[in-house]
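Chemist: Take a look at the following structure, please.
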Amino acid sequence: MRGLRVLIILALFVGVASCSNSKFRTYNGPQVTQINVYKSSRTLQLLHHNRVLETFEFELGFAPAGHKTFEGDGRTPEGYYFIDRRNPNSEFHLSLGISYPDAEDLARALEMELDPGGDIFIHGTPQMFRGKDDWTAGCIAVSNRDMEKIYAMVQTGTRIAIYP
């Protein structure tokens, strides 16, 4: 019995744990200092400095190639941003906001007389989109279970690098 209790405490200390059936999990491991998103391989990595803590698969927008230029283009931005907000009541299970557009994105869109768009998130996947490829309007969609882990591990202010 004592060994089981030690294993449970250890699991809670080093990893993400679920609280009953809640979508909110706790995380007591190393701080996530960077998120790397690789659009071409559809992999998202959570890192503590240079060490990969977790890797997740995801879906993108309906036109995934290239950098987001304007609202409605179906693209996900590329470049360096940060997590600027957390939404526990997202219609997409849970979500983390990405700081797009930055000053450069705004200037590029204004030069072309376009609206750069916004509201780019890492979020979960509603039932109606499960199993579908590249269905978002430009966001990064992971499974709801993966989103629960990501939401627990990533704090506002975490840097995110989005690569082609």
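Chemist: Of all residues in the stretch 46-89, which are assigned to a loop (DSSP other than H, G, I, E, B), closer than 14 Å to I122 by Cα and without any contact (Cβ under 8 Å) to a residue 60 or more places away in the chain?
Modeler: N89
Chemist: Can you tell me how many residues within the stretch 127-164 are closer than 14 Å to R42 by Cα, in a loop (DSSP other than H, G, I, E, B) and more than 11 Å from the chain's Cα centre (by Cα)?
Modeler: The total comes to 6.
Chemist: Checking P116 against (1) part of a loop (DSSP other than H, G, I, E, B); (2) out of contact with any strand residue (DSSP E or B) (no Cβ under 6 Å at 6 or more places or on another chain); (3) over 21 Å from R159 (Cβ atoms); (4) not basic (K, R), which test does it fail?
Modeler: Looking at each condition in turn, P116 falls short on (3).
Chemist: Can you name the number of the only condition in (1) in contact (Cβ under 8 Å) with a residue 24 or more places away in the chain; (2) surrounded by fewer than 18 Cβ atoms within 10 Å (Cβ to Cβ); (3) among the hydrophobic types (A, V, I, L, M, F, W, C); (4) under 17 Å from E59 (Cα atoms) that F92 fails?
Modeler: (2)
Chemist: Still on this structure: Hey, does the stretch 71-84 have a residue that's hydroxyl-bearing (S, T, Y), modelled with pLDDT of 95 or more, touching an Asp or Glu at 6+ places or on another chain (Cβ under 6 Å) and within 20 Å of I150 (Cα to Cα)?
Modeler: Checked against the condition, which is being hydroxyl-bearing (S, T, Y), modelled with pLDDT of 95 or more, touching an Asp or Glu at 6+ places or on another chain (Cβ under 6 Å) and within 20 Å of I150 (Cα to Cα), the stretch 71-84 yields no hits at all.
Chemist: Here's a follow-up. Filter the stretch 115-155 down to the residues that are at pLDDT 95 or above and among the acidic types (D, E) and list them by number.
Modeler: Selection gives D146, E148.
Chemist: Which ones in the stretch 78-108 are over 25 Å from R130 (Cα atoms) and among the small types (G, A, S)?
Modeler: Answer for the stretch 78-108, where residues must be over 25 Å from R130 (Cα atoms) and among the small types (G, A, S): G79, S99, A103, A107.
Chemist: Tell me which residues, restricted to the stretch 46-77, are farther than 24 Å from M128 by Cα and either buried (at least 17 other Cβ atoms within 10 Å of the Cβ) or in contact with a helix residue (DSSP H, G or I) (Cβ under 8 Å, 6 or more places away or on another chain) (or both).
Modeler: L46, L47, L53, E54, K68, T69, F70, P77
Chemist: Continuing with the same structure: How many residues, within the stretch 62-74, are in contact with a Phe, Trp or Tyr (Cβ under 9 Å, 6 or more places away or on another chain) and of a type outside the set (G, A, S)?
Modeler: Qualifying residue count, the stretch 62-74: 2.
Chemist: Residue under question is G61, and the condition is that it be over 17 Å from V154 (Cβ atoms), of a type outside the set (D, E) and in contact with a strand residue (DSSP E or B) (Cβ under 6 Å, 6 or more places away or on another chain); does it hold?
Modeler: Here the answer is yes, as G61 does meet what is asked.
Chemist: Mind counting the residues in the stretch 23-45 that are touching a residue at least 60 places away in the same chain (Cβ under 8 Å), under 22 Å from E78 (Cβ atoms) and either surrounded by 14 or more Cβ atoms within 10 Å (Cβ to Cβ) or not small (G, A, S) (or both)?
Modeler: Summing the residues that are touching a residue at least 60 places away in the same chain (Cβ under 8 Å), under 22 Å from E78 (Cβ atoms) and either surrounded by 14 or more Cβ atoms within 10 Å (Cβ to Cβ) or not small (G, A, S) (or both) in the stretch 23-45 gives 9.
The values are calculated or read from the model by the stated rules, or taken from the named source; none is laboratory data. Here the structure is a predicted model, which is why all the values come from computation and not from measurement. Using ideal geometry, Cβ is built from the backbone for each residue, glycine included, and neighbour counts are taken over all protein chains shown.
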